[in-house]
Amino acid sequence: MAQIQERGSTHVYKVNKISKEEMEQMVARCVYEHPPFCSAACPLKLDTRAFLEAAAAGNFKKALQLYEKIAPFPLVLAMGCEAPCEGKCRLCEIGEGVAIRAVEEAVTRFGQAQKLGGVFRTKKKKTAAIFGSGLFPLFLAGEIEKKAYPLTVFCEEADLESFLRRGTGFLDETAFELEYRRLKAKDIRFVFGCTLTRDFMEERRASFDVLCASHELTSALYPEAACIPELMYCEAEKLVSGPAAGILDAAFGAKKAALTVDRLAQNLDPRNTRGQEGPVESQLYTDLSGAGALTRVPMYGAGYTEEEAIREAGRCIRCQCEECLKSCAYLAHYKKHPGLLSKEIYNNTQIIMGDHQLNKPMNSCALCGQCTVVCPNGFDMARVCHEARRNMVSTDKMPLAPHEFALLDMLFSNGDAFLARPQPGYGKCRYVFFPGCQAAAIAPETVRAAYLDLCERLPGGVALMLGCCGAICDWAGRTELQEQTKEFLGRELSKLGDPVVIAGCPMCKKELASHEGLQLVGIWDLLLEIGLPVGGRGLARPAALHDSCGARGDEKTQAAIREIAKRLGCTLTDTEFSGDRSPCCGYGGLAAYANREVARELTEKCLERSDAPYISYCMACRDRFARQSRESRHILELVYGTDAGAPPDISEKRFNRLTLKNELLRELWQEEPREMNLDYTLNYTDEARRIMDERMILTDDVIAVLDCVRKTGECIQDEDGLLVARRRVGNATFWVKFTREGDGSYLVHRAWSHRMTVVKREG
Amino acid sequence: MAEKNYYTIDPGGKLRCMKCGVKLEKGKAKFLYLDNGFPVELPVCPVCGFVYVPEELALGKVASVERALEDK
Ligand code: SF4
Ligand code: SF4
Ligand code: SF4
Ligand SMILES: [Zn+2]
């Protein structure tokens with residue numbers, strides 16, 4: 001019996017390093033984390049999207065909280081900001097952009113402010129002083145206070161009110177009152193009525209760690225000073241100083257200056273570790289098709305009312321890229337965009353010791369390539385997951401369990417169920433029909449009909465090869481096994497005279513295309529060339545065509561299938577997710593073995609787009625749709641007027657492959673197959689059949705156990721009088737609960753398995 | 001020295017070894033997987049040493065330990 005070596009130990013302390021550059025390059029393609037264009041244009045980095053979302057929901061309190069993060073005096077900023085964000089709003093491309101500033105003003109006016117002052121914060125040791133008045137000193141005072149440095153402001157004004165009036169003439173009285181209360185509540189010491197001279201300032205240098213001044217003062221008192229605009233710092237004079245004009249400039253300048261103050265207070269170089277400051281470029285992709293109203297809510301008074309602001313904020317479409325999450329059930333399941341998920345999966349491969357928590361997500365991707373097509377930047381999640389699997393296999397860190405069943409199935413296809421024969425009467429053949437392992441497992445009659453038809457109508461002989469193309473070990477990341485499979489198939493093909501391979505499945509075609517020098521043609525193309533056989537018939541009802549992920553990017557195949565369907569008289573409906581954008585049925589990438597739930601969600605996603613019967617051209621798709629109780633037919637079933645009927649269970653799939661091989665051997669090649677007949681009768685309860693399929697236990701496994709009992713007599717009887725026996729087969733121990741019936745037959749009630757071995761312990 | 005057992009099942013005289021014709025008893029056993037071992041106490045035939053792993057144990061505890069080890 002075919003077997004795959006289990007990895008020896010969990011104690012493998014080496015990993016196969018991947019290059020950081022490659023990973024970063026890959027991850028960078030995903031723009032999900034890029035800011036929306038409005039935020040990108042805002043030097044203060046307002047989270048505009050979240051802000052407008054809160055405002056649209058009428059939650060002005062939350063909106064104001066977000067706004068207060070960027071503006072210590074929100075009304076001053078909101079009423080005076082030049083709003084570069086508005087011109088960058090994506091809606092400008094199709095209509096009027098969101099009136100962001102007006103919404104900000106309404107939010108700051110009507111929103112409930114944070115509790116003013118009140119919260120006790122420990123002050124830092126280092127101190128700062130600001131000289132002068134105006135917008136920059138005002139904002140800077142707010143920023144420094146927020147950083148908890150004890151702050152003193154020296155100004156010429158006689159009181160707080162006149163200090164606040166400087167530069168804020170555009171505020172109406174209500175707004176001024178609100179901001180006055182805000183300023184008053186701040187923990188700032190003011191020294192009013194100062195005569196600000198250079199000496200006055202220099203005398204205070206000893207008492208403060210950092211000195212700051214308005215631009216007016218600096219240029220008047222320190223005319224030689226050169227202010228570095230990125231730092232807001234005159235290095236020679238050791239003076240933090242502000243910009244001349246503009247409200248947004250003052251606010252952004254104050255942000256930069258506050259960071260400089262912070263660095264200087266800690267005796268650090270203000271140039272270092274500042275992070276990204278100011279507006280950025282964004283490559284965010286947004287689907288604009290969901291946009292609603294394209295014109296601004298009109299403003300009747302000086303500003304929006306609460307209700308108007310809510311409506312205007314509601315026009316924001318919350319720019320976000322979720323093209324892939326919208327179309328891929330796997331990504332939707334993990335609720336992570338590929339940029340982040342890839343980073344985690346890459347990191348998972350680099351864990352030397354400890355849990356690889358991303359194994360399951362890594363193995364759940366269908367490797368179908370849909371994301372690469374729908375992503376505006378062509379993100380290739382399949383490559384990430386595929387490479388990660390190979391990487392882990394290469395260091396023996398990959399668990400065998402999730403893929404073992406599929407791999408054994410492949411070995412079965414290319415072992416006991418394998419067949420390669422030239423057409424009777426031919427030595428070497430011009431063609432070989434390669435229907436694919438799933439076709440023989442799911443629709444053996446269709447395979448037989450297709451083969452006989454090809455033999456009859458194609459010149460030069462058509463050999464038959466029943467086996468697996470190797471996609472399974474490829475998906476599992478088992479490169480060594482993949483190479484062996486390739487060599488094996490290569491040898492068998494050369495024995496047949498290296499004929500042109502007629503692939504019955506687009507996935508096989510894709511996999512076999514990696515064989516050098518191999519000539520390949522899809523059966524669909526050939527059938528169009530030689531004409532459809534008589535007897536084929538389309539479905540009476542309109543049907544949805546499901547494109548195989550094996551044919552992604554292969555327009556010719558997609559078109560050929562449509563043409564065949566048309567000639568058969570089918571009426572097809574195409575939807576948004578057809579052709580290259582088609583999702584995977586859940587079989588791809590062995591998703592169905594590693595993660596049943598995700599695989600089911602993938603299948604459901606395929607079925608979501610239509611209630612019609614589905615026509616596919618990959619047997620695995622046909623099978624998975626039928627398992628979801630959808631009327632599902634493979635195009636070849638229609639071509640040959642066959643119906644594979646209800647989907648087989650895992651044991652029947654093996655049985656079908658073996659039976660097809662044996663029957664064809666007998667009928668066409670007059671060979672008597674070696675059949676292993678049981679010399680006893682074995683029956684299963686329905687429940688046993690069901691749980692065996694669910695637990696991926698084959699009738700062969702059960703037979704192995706019963707053979708063992710019959711030989712050794714080793715079994716036990718449980719409290720209900722049922723017999724239980726077990727046997728180790730490969731990497732698992734199988735248990736069977738059964739009864740011996742009156743007629744000497746066996747009835748299997750339950751079956752289970754585990755991978756651990758269990759032994760008696762002495763002492 | 002008392003050894004730590006990860007799991008204990010006492011057959012309570014309800015299981016019988018058909019080969020040896022005796023009742024299974026609570027006995028010492030060990031699970032092994034990927035180079036890791038776990039001492040347990042399971043129903044064991046005192047004569048031939050048949051160790052019984054009931055369905056619930058296989059699908060429950062055993063399966064979850066397997067999953068955990070596989071991802072090491
Ligand atoms: S489609 Fe997905 S992978 Fe591509 S940029 Fe958008 S979120 Fe990222
Ligand atoms: S629609 Fe909204 S998120 Fe998008 S750019 Fe405009 S304001 Fe920003
Ligand atoms: S399942 Fe397909 S569409 Fe989804 S991430 Fe994987 S390769 Fe991309
Ligand atoms: Zn015994």
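The values are calculated or read from the model by the stated rules, or taken from the named source; none is laboratory data. Small disclaimer: the values here were computed from a predicted structure and weren't measured. Please note: Cβ atoms are built from the backbone with ideal geometry, for glycine as well, and neighbour counts cover all protein chains shown. Note: accessible area is taken over every heavy atom of the protein model, side chains too, but ligands, DNA and RNA are not part of it. Shrake-Rupley method; radii C 1.70, N 1.55, O 1.52, S 1.80 Å.
Miscellaneous remarks
- Enumeration of residues in region A:373-395 that are surrounded by fewer than 22 Cβ atoms within 10 Å (Cβ to Cβ) and assigned to a loop (DSSP other than H, G, I, E, B): A:PRO376, A:ASN377, A:GLY378, A:ASP380, A:THR395
- Selection over region B:22-38 of residues that are part of a loop (DSSP other than H, G, I, E, B) and either more than 8 Å from chain A (Cβ to nearest Cβ) or closer than 29 Å to A:ALA401 by Cα (or both) gives a count of 2.
- Hey, A:PHE379 among the aromatic types (Phe, Trp, Tyr) and within 16 Å of ligand 1 (Cβ to nearest atom) or not: yes
Every residue, every condition in (1) free of Cβ contacts under 8 Å to residues at least 60 places away in the same chain; (2) within 16 Å of ligand 2 (Cβ to nearest atom), yes or no:
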| residue | (1), (2) |
| --- | --- |
| A:ALA245 | yes, no |
| A:ALA251 | no, no |
| A:THR260 | yes, no |
| A:ASN272 | yes, no |
| A:GLY278 | no, no |
| A:LEU284 | no, yes |
| A:THR295 | no, yes |
| A:GLY314 | no, yes |
| A:ILE317 | no, yes |
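- Taking region A:310-336 as the range and being assigned to a loop (DSSP other than H, G, I, E, B) and on the phi < 0 side of the Ramachandran plot as the test, the residues that pass are A:GLY314, A:ARG315, A:CYS316, A:ILE317, A:CYS319, A:GLN320, A:CYS321, A:GLU322, A:CYS328, A:LYS336.
- Only one of the numbered conditions (1) more than 7 Å from every other protein chain (Cβ to nearest Cβ); (2) surrounded by fewer than 17 Cβ atoms within 10 Å (Cβ to Cβ); (3) closer than 17 Å to A:CYS715 by Cα is violated by B:LYS14, and that is (1).
- In region A:682-692 there is at least one residue matching the filter, namely being under 26 Å from B:CYS20 (Cα atoms) and either open to solvent by 40 Å² or more (accessible area, probe 1.4 Å) or away from every other protein chain (no Cβ under 13 Å) (or both).
- One residue from A:VAL639, A:VAL598 being within 14 Å of ligand 3 (Cβ to nearest atom) and in contact (Cβ under 8 Å) with a residue 12 or more places away in the chain: A:VAL598
- For region A:25-43, a residue qualifies if it is open to solvent by 70 Å² or more (accessible area, probe 1.4 Å) and either touching a Cys at 6+ places or on another chain (Cβ under 6 Å) or at pLDDT 85 or above (or both), and the qualifying residues are A:ARG29, A:GLU33.
- For region A:508-612, the helices (runs of 4 or more DSSP H) that sit wholly inside it and include 3 or more residues that are open to solvent by 50 Å² or more (accessible area, probe 1.4 Å) are A:555-567, A:596-607.
- Residue ID - nearest to the other protein chains (Cβ to nearest Cβ), chosen from residues in region A:397-417 that are touching a helix residue (DSSP H, G or I) at 6+ places or on another chain (Cβ under 9 Å) and part of a loop (DSSP other than H, G, I, E, B): A:PRO399
- The listed residue being of a type in the set (Val, Ile, Thr), open to solvent by 30 Å² or more (accessible area, probe 1.4 Å), in a loop (DSSP other than H, G, I, E, B) and closer than 19 Å to A:GLU104 by Cα, out of A:THR295, A:THR273: A:THR295
- Of all residues in region A:349-372 being open to solvent by 20 Å² or more (accessible area, probe 1.4 Å) and more than 22 Å from A:THR603 (Cα to Cα), the one that is farthest from ligand 4 (Cβ to nearest atom): A:GLN350
- Filter pass, A:GLY589 being more than 16 Å from ligand 1 (Cβ to nearest atom), over 22 Å from A:ALA443 (Cβ atoms) and either among the hydrophobic types (A, V, I, L, M, F, W, C) or at pLDDT 95 or above (or both): yes
- Test result for A:ASP623, under 21 Å from A:GLY522 (Cα atoms), more than 16 Å from ligand 2 (Cβ to nearest atom) and outside any strand (DSSP E or B): yes
- For region A:631-645, a residue qualifies if it is surrounded by fewer than 18 Cβ atoms within 10 Å (Cβ to Cβ) and within 33 Å of the chain's Cα centre (by Cα), and exactly one does: A:GLU631.
- Meets criteria (at pLDDT 90 or above, among the β-branched types (Val, Ile, Thr) and farther than 24 Å from A:PRO137 by Cβ) for A:THR295: yes
- Unmet criterion (only one of (1) at the interface with another protein chain (Cβ under 7 Å from one of its Cβ atoms); (2) within 14 Å of A:ARG761 (Cβ to Cβ); (3) open to solvent by 40 Å² or more (accessible area, probe 1.4 Å); (4) in contact (Cβ under 8 Å) with a residue 24 or more places away in the chain) for B:LYS19: (2)
- Check on A:ASN348, part of a helix (DSSP H, G or I), within 14 Å of chain B (Cβ to nearest Cβ) and touching a Phe, Trp or Tyr at 6+ places or on another chain (Cβ under 9 Å): no
- Single residue of A:ARG165, A:ARG121, A:ARG49 found to be within 16 Å of ligand 1 (Cβ to nearest atom) and out of contact with any strand residue (DSSP E or B) (no Cβ under 7 Å at 6 or more places or on another chain): A:ARG49
- Residue that is most open to solvent (accessible area, probe 1.4 Å) [pool: residues in region B:39-57 that are over 9 Å from the mean Cα position of the chain (by Cα) and facing chain A (nearest Cβ under 8 Å)]: B:CYS48
- Test: A:GLY111 is within 14 Å of chain B (Cβ to nearest Cβ) and more than 21 Å from A:ALA293 (Cα to Cα): no
- Test: residue in region A:355-364 that is hydroxyl-bearing (Ser, Thr, Tyr), within 14 Å of ligand 3 (Cβ to nearest atom) and at pLDDT 95 or above: yes
- Checked against (1) more than 11 Å from chain B (Cβ to nearest Cβ); (2) touching a residue at least 40 places away in the same chain (Cβ under 8 Å), A:ARG727 passes all but condition (2).
- Residue within region A:732-739 that is more than 14 Å from chain B (Cβ to nearest Cβ) and more than 30 Å from A:THR10 (Cα to Cα) present: no
- Just so you know, in region A:740-763 the residues that are open to solvent by 60 Å² or more (accessible area, probe 1.4 Å) and assigned to a loop (DSSP other than H, G, I, E, B) include one that is farthest from the other protein chains (Cβ to nearest Cβ), and it is A:ASP743.
- Hits in region A:661-686 - residues which are closer than 15 Å to A:SER651 by Cα and part of a helix (DSSP H, G or I): A:ASP686
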